[in-house]
Structures are given as structure tokens and as C-alpha cells.
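**Student:** I'd like to ask you about the structure that follows.
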Amino acid sequence: MENIVLDKFKAGQPCLGTFSHLLSAVSLRVLGQTGLDYVILDLEHSPIGPEHVTELIPAAREAGLCPLVRVNAMDRGQSLKMLDAGAAGLIVPLVETVEQVRQLVSYAKFAPLGNRGYCPTTDAGWGCGPAYEHGMEGYMSTANARTLLIPQCETAGCLAHIEEIVAMDGVDGIFIGPFDLSIALGIPGQFDHPDHIAAVERVRKACAAAGKLCIMFCGDANAAADYFRQGFPNVTVGLDVLTLLSGMKTTVETAKQGL
Ligand code: 3PY
Ligand code: MG
């Protein structure tokens with residue numbers, strides 16, 4: 001099961017992705033030409049719904065992008081559908097408690113780690129793909145190892161329990177949501193505030209101590225470069241829709257200089 005996000009993390013190589021909000025297989029193919037490693041199909045904050053991922057996941061893979069999905073519910077049904085459709089990992093927003101993460105592990109990981117429901121699906125070629133080389137149990141353990149469960153740290157509750165959460169079996173890493181985290185800390189958008197810096201550093205250290213992946217989100221390329229310099233193994237930069245907006249704004253402004 002291909003998962004460059006996992007492979008790069010294990011190899012100690014940096015990894016870069018972005019969010020997709022455009023609900024468009026064409027835009028994923030375009031993103032595939034840019035050198036990005038992965039894309040996060042965002043069910044939380046975009047028009048993309050669970051019904052669209054069946055088309056968007058293969059489009060991302062064909063474009064050479066590892067497809068992660070940010071779900072919009074801590075829900076067995078939705079988690080299962082995303083994994084069955086071939087998501088390389090689930091990113092789960094607004095996690096607050098250790099108990100919620102325990103539930104998420106039960107949805108996303110097969111026994112003995114969790115209680116993921118089984119059916120041959122797109123995920124592994126309906127039972128005919130290479131993941132079935134060692135039968136059903138081989139597939140289950142491969143899927144557990146190579147399909148990522150990544151809760152977001154963006155609430156005070158998650159931050160308070162981050163060391164325990166990231167160390168849990170079945171949790172593959174943490175995705176830091178700086179916008180909601182800064183709101184939770186009472187300093188909205190103040191990413192240079194000492195409290196925000198300390199919170200982000202706490203999550204990074206907890207992930208490093210547990211040997212788990214830490215993904216940092218930021219809005220622009222310079223911030224992304226800074227996070228790589230600080231030692232984050234994985235950065236998600238921006239949203240495709242905002243890249244389109246800023247690129248076309250610059251184009252229009254430049255063109256209108258001739259008017
Ligand atoms: C946040 O910053 O809150 C996020 O969830 C990033 O998408
Ligand atoms: Mg958020």
C-alpha cells in the first residue's frame with residue numbers, strides 16, 4: 001500500500017503537502033505537477049463531501065500525490081468509507097479527549113488494534129491487490145501499519161493530553177491546526193505569541209519522544225520554510241483555492257498596470 005507520507009517520515013525525509021478545497025480532479029492533476037508529496041482532501045471546511053472522495057482519491061494517486069482525507073466527523077461510518085475508498089490516512093479535527101482517540105483507533109485500525117470493519121474494497125484492489133499477498137490477515141496488518149490515523153491538536157483538551165494521545169497504539173501522528181489552537185489559547189491568529197510557540201513546541205516534542213509523525217500547518221510558503229528549518233518533518237502549506245486566488249490576483253494586478 002503506497003504511502004509516501006509514511007515512507008518519507010520513516011526515512012527521515014521532509015514531506016510537503018497542501019489542502020484541496022476545489023472539488024476538482026483536474027486541480028489535483030495540476031497539483032501533481034508541482035513537487036508536492038501529498039494532498040489533504042478537506043471534508044471539514046470545503047464543499048468536498050464523502051460522496052466525492054471515490055473519484056478524488058484515485059485522481060490524486062494518479063497525479064502522484066498521496067491522498068489524505070480530513071474528515072468532518074468522529075464517526076465510524078465516515079471513517080470506514082474514507083478508508084475503504086483508499087485514503088492513505090485520516091486527519092481528524094477538534095479532538096478533545098483521550099477517550100475520543102480510543103474510539104478513533106477502534107474505527108480506523110483492524111483487530112487486534114481496533115475494530116475496523118472488513119470488506120474487500122478499492123482500498124486493496126477488492127482483495128486482488130498486492131496487499132493481499134499474505135491473505136486477509138496480511139492485508140489487515142499491512143493496512144494497520146500503512147494507513148495513518150492522525151488526530152489534530154487544536155483544542156485545549158488535546159494539548160493538555162498530547163503526550164498520552166500521541167503515545168497511544170494506533171495513533172500514527174498529530175496534525176497541528178494553528179488557527180483553532182490559537183483560538184483555544186485565547187490568542188487568535190497570534191502565531192508569534194509565546195503561548196502559541198510553546199504549545200506548538202510541546203506537540204512537536206511529544207511526537208518526537210513517541211517516534212510519531214508531526215504535521216504542521218501554515219498559511220504561506222515562508223512560514224513553511226521556517227517550520228522545515230525548525231525541524232518539523234512534515235508541513236502542510238495553504239489551500240489550493242487560496243493559491244488560485246493569490247496567483248490570479250497578482251496576474252490581474254500586473255495586467256492592469258498597462259491600463
Ligand atoms: C487550523 O489551523 O485550525 C487547521 O485546522 C488547519 O487546517
Ligand atoms: Mg482547525
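The values are calculated or read from the model by the stated rules, or taken from the named source; none is laboratory data. Keep in mind the model is a prediction, meaning the values are calculated, not measured. Reconstructed Cβ throughout: ideal geometry from the backbone, glycine too, with neighbour counts over all protein chains shown. With ligands, DNA and RNA removed, areas are computed over all heavy atoms of the protein, side chains included. Shrake-Rupley method; radii C 1.70, N 1.55, O 1.52, S 1.80 Å.
**Student:** Beyond 29 Å, what share of the Cα-Cα pairs of the chain is found? Please give it as a whole percent. All intermediate terms of the calculation are to be shown ahead of the outcome.
**Tutor:** On the way: 9506 of 33411 pairs.
It works out to 28 percent of all Cα pairs.
**Student:** Leaving ligands, DNA and RNA out of it, report the carbon-plus-sulfur percent of the accessible area of the chain at a 1.4 Å probe.
**Tutor:** 58 percent
**Student:** With label points built 7 Å along Cα→Cβ from the Cα atoms of T251 and R76, find their separation and express it in nm.
**Tutor:** 4.8 nm
**Student:** Placing +1 at every Lys and Arg Cβ and -1 at every Asp and Glu Cβ, with all other atoms neutral, what dipole size does the chain have around its Cα centre, in debye to the nearest 20?
**Tutor:** For the chain, the charge dipole is close to 300 debye.
**Student:** In addition: Amide H to amide H, which residues 5 or more places from T236 or on other chains are under 5 Å from it, using H placed in the peptide plane?
**Tutor:** Under 5 Å from the amide H of T236: G17, M216, F217, C218.
**Student:** Could you tell me the calculated FRET efficiency between V98 and R229, based on Cβ-Cβ distance and R0 = 35 angstrom, to the nearest 0.05?
**Tutor:** Efficiency at R0 = 35 Å is approximately 0.60.
**Student:** From the helices alone, meaning DSSP H stretches of at least four residues, give me the mean residue ellipticity at 222 nm for the chain, per-run term -39500 (n - 2.57), in deg cm²/dmol to the nearest 500. Each step should come with its number before you reach the end.
**Tutor:** Values: 12 runs with 117 residues, N = 259.
Roughly -13000 deg cm²/dmol at 222 nm, from the helical runs in the chain.
**Student:** Could I ask something else about it? Order 204-214, 66-76 from most to least packed using the mean count of other Cβ atoms within 10 Å.
**Tutor:** Per-residue mean Cβ counts within 10 Å order the peptides as 66-76, 204-214.
**Student:** Follow-up. Which percent, nearest 5, of DSSP beta bridges in the range 1-145 are antiparallel?
**Tutor:** In the range 1-145, approximately 0 percent of DSSP beta bridges are antiparallel ones.
**Student:** If you count only protein heavy atoms with a 1.4 Å probe, what accessible area per residue comes out for the chain, rounded to a whole Å²?
**Tutor:** Per residue, the chain has an accessible area of 46 Å².
**Student:** Taking amide hydrogens as modeled 1.01 Å from N in the peptide plane, which residues meet the under 5 Å criterion relative to G89, leaving out close sequence neighbours?
**Tutor:** V69, L148
**Student:** If you consider only alpha-carbon coordinates, what radius of gyration and Dmax does the range 110-259 have, in Å?
**Tutor:** In order Rg, Dmax, the Cα atoms of the range 110-259 give 20.2, 67 Å.
**Student:** Let me ask something else about it. Bin by bin, in steps of 10 Å, what percent of the Cα pairs in the range 10-152 do you find, going until the bin that has the longest distance?
**Tutor:** 12, 42, 36, 10, 0
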